[in-house]
Amino acid sequence: MTELNSTDSSSALIRLSAARLAQKLAAGEVTSVEVTQAFLDRIAAVDGGHRGVHAFLHVNTEEALAVAAEVDAIRAAGGAAAEELHELAGVPIAVKDLIVTIGQPTTAGSKILEGWHSPYDATVVKRLRDAKMPILGKTNLDEFAMGSSTEHSAYGPTRNPWDLDRIPGGSGGGSAAAVAAFEAPLALGTDTGGSIRQPGAVTGTVGVKPTYGSVSRYGAIAMASSLDQIGPVSRTVLDSALLHQVIGGHDPFDSTSLPDPLEDLVAAARLGNVNGMKIGIIKELHGEGYQAGVENRFNESLELLKQAGAEIVEVSCPNFKYALGAYYLIMPSEASSNLAKFDGVRYGLRVLPEEGPLTIERVMGSTRAAGFGDEVKRRIILGTYALSAGYYDAYYGSAQKVRTLIQRDFEAAFAQADVLISPTAPTTAFKLGEKLNDPLAMYLNDVATIPANMAGVPGLSLPGGLADEDGLPVGIQLLAPARQDARLYRVGAVLESLLEAQWGGPLLDRAPELTDTSLEAPSLTDAASIEAVPSHGGSH
Amino acid sequence: MTDATLSFEEAMEKYDPVLGFEVHVELNTKTKMFSSAPNVFGDEPNTNVNEVDLGMPGVLPVVNKTAIESSIKIGLALNCKIAETCRFARKNYFYPDTPKNFQTSQYDEPIAYDGYLDIELSDGTMFRVEIERAHMEEDAGKLTHMGGAAGRIQGADYSLVDYNRSGVPLVEIVTKPIQGAGSRAPELAKAYVAAVREIVKNLGVSDAKMERGNVRCDANVSLRPHGRERFGIRSETKNVNSLRAVEHAVRYEIQRHAAVLDSGEPVIQETRHWHEDTRSTTSGRAKSDADDYRYFPEPDLVPIVASREWVEELRATLPEPPAERRKRLQADWGYSDLEFRDVVNAGVMDEIEETIAAGATATVARKWWMGEIVGRAKNADVDPGQLGVKPETIVELNKMVEGGKINNKMAAEVLDGVLAGEGTPAEIVEKRGLAVVSDDGPLLEAIDAALAAQPDVADKIRGGKVQAIGAIVGGVMKATRGQADAGRVRELILQKLGVEG
């Protein structure tokens, strides 16, 4: 990373890591308003239009600049208030639109919540506000986080900044693409089966699914309560640690929140030492079914870790082969119940039946028929079926048993290794539309990320290089025992620095330049795409 | 359409009733079961709610610790075992009074199970009701159906929903099938619900006001021919919300079932609605055991762990059990066994205790409640406690009588006025011009007139037949429209006739 001073152009400013931005803000080399404006300008330049990234569903210009100005004023005044500013104060952030925010719409990527404004802030959003981090806006996602490509958003897909014809992963494709396209230095995601890590892998960014219960879920619109977890999205391992430290820790509003104080994750990321650590390759999570270029980059990472003094061992997790099947019973079961509340009675969309009596059942039915997309309906039907009397034991009950077996596999594996390692996703980013009509192929994309959710253990994905055959980013996944998130940052930071040394800089430096779509003459298709995204770019 | 019924006696001759009760008790915690919104009755609709009670996107439940303590106390008072760990589940169904479209309720892991309650019937017979479980759940909101017929959902133009009650903590107490009550079944039903109400009130965990729905009873009734072991098909009569209604509903269902069985038809397994006005039930929705609520463990909550130490701590805080309390009260009040049992059966023990606490003697309190109020409640077809008589009113009325300001007959009239909402006793006495005539002048005139009107009676008294004086006193009282002090009238008559009383 080249050093910059206050006269640097905003195009250089936006490429800085959050840690570096924080340093420059603290040193008074740049103001938060300048930084925030630079990212807002970048969003205006690359996010909209026919070939825009479309990472954002809503841009929060006024509030973000107001918070930035507040931080600048505190810094300028000096004294105790300036001293007490959080390390990340003034560093902007994007928030996945599954997480509720006062003052901005929250859609969950669904028509059923179009125009809905939350009356309360999610706990993680409160913590961002306490740290005085300007919120740039809300990012796109598969509807209710159900998908691996962001194509299931009711507001149109997000594009992968590495290749605009490819998917950015999902469900958190918006957060990953925003960070990869330098539209935000940091973002929040949610990960139920890989929705932070897989988008990280295919966009060349870092994403972390923390230990279940270590970050409050209060205010994250639930898909599958026992699997969902909010986590950081960034361009560097250290940046994720910094953000994780802001959002993590006990929350009395979430009963599943762990009471333990958070470990010092930032220190772990700065420690950078794997000498003597045992790193376990999971036999079942590489090889057959994995793209050759993915496999090659994975092996290179293992080699680098070995050179740095780590001991590479192989572990077997024989029950992981049942993880995907069990996941697709537990997740839809919980989702079918969690999404029951969207019925048009109290908030959001209400659609009256076109004919016939206006009974409550019929109003609920037509609202849900019109408000939910196909993938959401598919999972609700699947989950309703799996929970039905007479099927419960065979489906939900068996899936819970598989879950226990997966936990045992992890326990056995962590008896042999401090950290486990695998490719994050079996392939690089596929083309938009390629798997849209093949749900099973889409589901297979999460085969390596799902076991961590099933067991509640933490996982981190970091860029592992570009695949030989298509030149697209490959993700490396690290997994640690529950409550040992610090190990992920420790090993991740080492691997990142070894890889960057090899590449001669961050992987994203090799991403193609995005053209300024704001200068495009609007075409008919532009108008159509803008109309499909009513809240995009507006400030409500 | 009214259903055919058999007489209760005939029903009993042919069939053996089996009962079962689900009693819902609303806890009086400060906040709701899973949110920090206030648990308060009677406020403006939709004011005691927050994002959790409204089922907003992203919210999560947090269990109210006081509600758990109250539930454990109820379990202990019902002689239940307390689960070391237990969980909540989700009961999934779409209904607009349930904001999440699922109810968070305990399902296969209740906090308390395997208990019993000994019930004393009116003649002193003890009957043991076995408790299957007491589990925790949240209450639903309240729907008001507008337009159409009499607040029913059928034919309503639209419905309003108030979520103030949504999330109020409930404990549901479920009995095992109650067999062997025979013709005492209706009485047992009433006594059982009264006992549960007494327990939760005594524990201080519920306001226990049935008229407010703090205690609600669903009564299951089935019949089987005498001597048969297998149960008949049951009906479940919902929301029977007074003690008298419980007794009536069970009696009615027994008579209705008997008529159905006699006709050779099978009883339909269904919920029934109780109608106080017609004292009968009507068919609700068909209910089968196959109703699919798609229960599964609530993933947003962790299991509740009730350590044995905690349970014992709570056990140590339990108040005196109702049976012992009764013994103590009877001794304190000096009532005979019969007097006390009458008081208990009339359901006015608590009211008498409150009246004594307000300053009345035990005798006076009993005289008012048993002599005046129970009868009025019976006429009004409500439980005596629901009539609206305040202990202070009784104390005030009694003071007026003892002070000679009014007599007992007037006091009863004043009580009617108080109940009719005409004001305080003093105001009513003033307004109606009620006061004992204590000036002897008008009395002497009336006595002269009465003696003149019945000279033969006057002669009898003069001749020593003092007991004949009643006719003269009656005449005086009539002339003074009851406002005279009868004792003083008697004295004056005897003086006038020169007879020793």
Task: Carbon and sulfur %, accessible surface of the stretch A:60-139 computed with the full protein complex present, 1.4 Å - done: 55 percent
TODO: Anything losing 20 Å² or more of accessible area from the isolated chain to the full protein assembly: pick those residues out of the stretch A:317-340, probe 1.4 Å, ligands and DNA/RNA ignored.
DONE: A:GLU334, A:SER337, A:ASN338, A:ALA340
- [ ] Within 10 Å of each Cβ in peptide B:95-108, how many partner chain Cβ atoms are there on average? Round it to a whole number, please.
- [x] 3
Open item on the list: Keeping all protein chains in place and using 1.4 angstrom, which order do A:ARG378, A:ARG166, A:ARG270 fall into by accessible surface area, from largest down?
Closed with: A:ARG270, A:ARG378, A:ARG166
TODO: Run the 1.4 Å probe and let me know the accessible area of B:LYS460, rounded to the nearest 10 Å².
DONE: 110 Å²
Open item on the list: For B:ARG326, what accessible surface area do you get with a 1.4 Å probe? Give it in Å², rounded to 10.
Closed with: 50 Å²
- [ ] Go ahead and run the numbers for FRET between B:SER7 and A:GLU411, Cβ-Cβ distance against an R0 of 60 Å, rounding to 0.05.
- [x] 0.30
- [ ] Mind ranking A:ASP264, A:ASP343, B:ASP448 by accessible surface for me, highest first, 1.4 Å probe?
- [x] A:ASP264, B:ASP448, A:ASP343
- [ ] Pull out a ≥ b ≥ c, the square roots of the eigenvalues of the alpha-carbon gyration tensor of chain A, then state rounded if a/c is under 1.5, prolate if not and a/b is larger than b/c, and oblate in the remaining case.
- [x] rounded
Open item on the list: Quick query: amide H of B:ASP16 versus all other amide H atoms, modeled in the peptide plane; which residues come in under 5 Å with a sequence gap of 5 or more or a different chain?
Closed with: B:ARG224, B:HIS226
- [ ] Leaving out ligands, DNA and RNA, calculate the buried accessible area for the pair B and A with a 1.4 Å probe, summed over both sides, in Å² to the nearest 100.
- [x] 2700 Å²
- [ ] Give the relative contact order (percent, whole number) for chain A; include only Cα pairs under 8 Å separated by 6+ residues.
- [x] 19 percent
Task: Residue-averaged beta-carbon neighbours from other chains (10 angstrom radius) around A:395-404 - done: 1
Task: Accessible area, probe 1.4 Å, largest first, for residues B:LYS73, A:LYS96 - done: B:LYS73, A:LYS96
- [ ] Grab the other residues whose beta carbon is less than 10 angstrom from that of B:ALA306, score K and R as +1, D and E as -1, and report the net.
- [x] -2
Task: Whole-Å distance, taken between Cα centres, linking the stretch A:277-345 and the stretch A:187-262 - done: 17 Å
Task: Percentage relative contact order, chain B, counting C-alpha pairs under 8 Å, at least six apart - done: 14 percent
Task: Within chain A, helix-based [θ] at 222 nm, where runs of 4 or more DSSP H residues each add -39,500 (n - 2.57), nearest 500 - done: -11500 deg cm²/dmol
Task: Volume per residue that the Cα convex hull of the stretch B:8-314 spans, once the total is divided by residue count, Å³ - done: 144 Å³
TODO: Please say if the stretch B:32-189 is rounded, prolate or oblate, where rounded means a/c under 1.5 for a ≥ b ≥ c the square roots of the C-alpha gyration tensor eigenvalues, and otherwise the choice is prolate for a/b larger than b/c and oblate otherwise?
DONE: oblate
Open item on the list: Rolling a 1.4 Å sphere over the protein heavy atoms, what is the accessible area per residue of the protein assembly as shown, to the nearest Å²?
Closed with: 40 Å²
Task: Label-point gap, in nm, between B:ASP291 and B:ASP440 - each point 7 angstrom along Cα→Cβ - done: 7.6 nm
Task: Listing of the stretch B:54-72 residues, each with accessible area lower by at least 40 Å² in the full protein assembly than in the chain alone (probe 1.4 Å) - done: B:MET56, B:PRO57, B:GLY58, B:LEU60, B:VAL62
- [ ] Using only the Cα atoms of the protein assembly as shown, build the gyration tensor, take square roots of its eigenvalues as a ≥ b ≥ c, and label the shape rounded, prolate or oblate: rounded if a/c is under 1.5, else prolate if a/b is larger than b/c, else oblate.
- [x] prolate
Task: In sequence order, calculated HN-Hα J values of the stretch B:402-415 (Karplus, 6.51, -1.76, 1.60; Hz; x Gly/Pro) - done: 5, x, x, 6, 9, 9, 4, 5, 5, 4, 5, 5, 4, 4
TODO: Give the accessible area for B:ILE469 in Å² (nearest 10); use a 1.4 Å probe, count only protein heavy atoms, and leave out ligands, DNA and RNA.
DONE: 10 Å²
Task: Peptide B:299-308 - average C-beta neighbours from other chains (10 Å radius) - done: 3
TODO: Net charge near B:ILE469: determine it from the other residues with C-beta under 12 Å of the C-beta of B:ILE469, scoring Lys and Arg +1 and Asp and Glu -1.
DONE: +4
TODO: Find which of B:ASN46, B:MET400, B:SER235 sits farthest along the positive direction of the dipole of chain B, computed with +1 on the beta-carbon of Lys and Arg, -1 on that of Asp and Glu, about the Cα centre.
DONE: B:MET400
TODO: Kindly provide the helix-only [θ] at 222 nm of chain B, computed as the sum of -39,500 (n - 2.57) over DSSP H runs of four or more divided by all residues, to the nearest 500 deg cm²/dmol?
DONE: -11500 deg cm²/dmol
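The values are calculated or read from the model by the stated rules, or taken from the named source; none is laboratory data. Fair warning: this is a prediction, and the values are worked out from it, not measured in the lab. Every residue, glycine as well, gets a Cβ built from its backbone with ideal geometry; the counts of neighbours run over all protein chains shown. Side chains included, ligands, DNA and RNA excluded: accessible areas come from the protein's heavy atoms. Shrake-Rupley method; radii C 1.70, N 1.55, O 1.52, S 1.80 Å.
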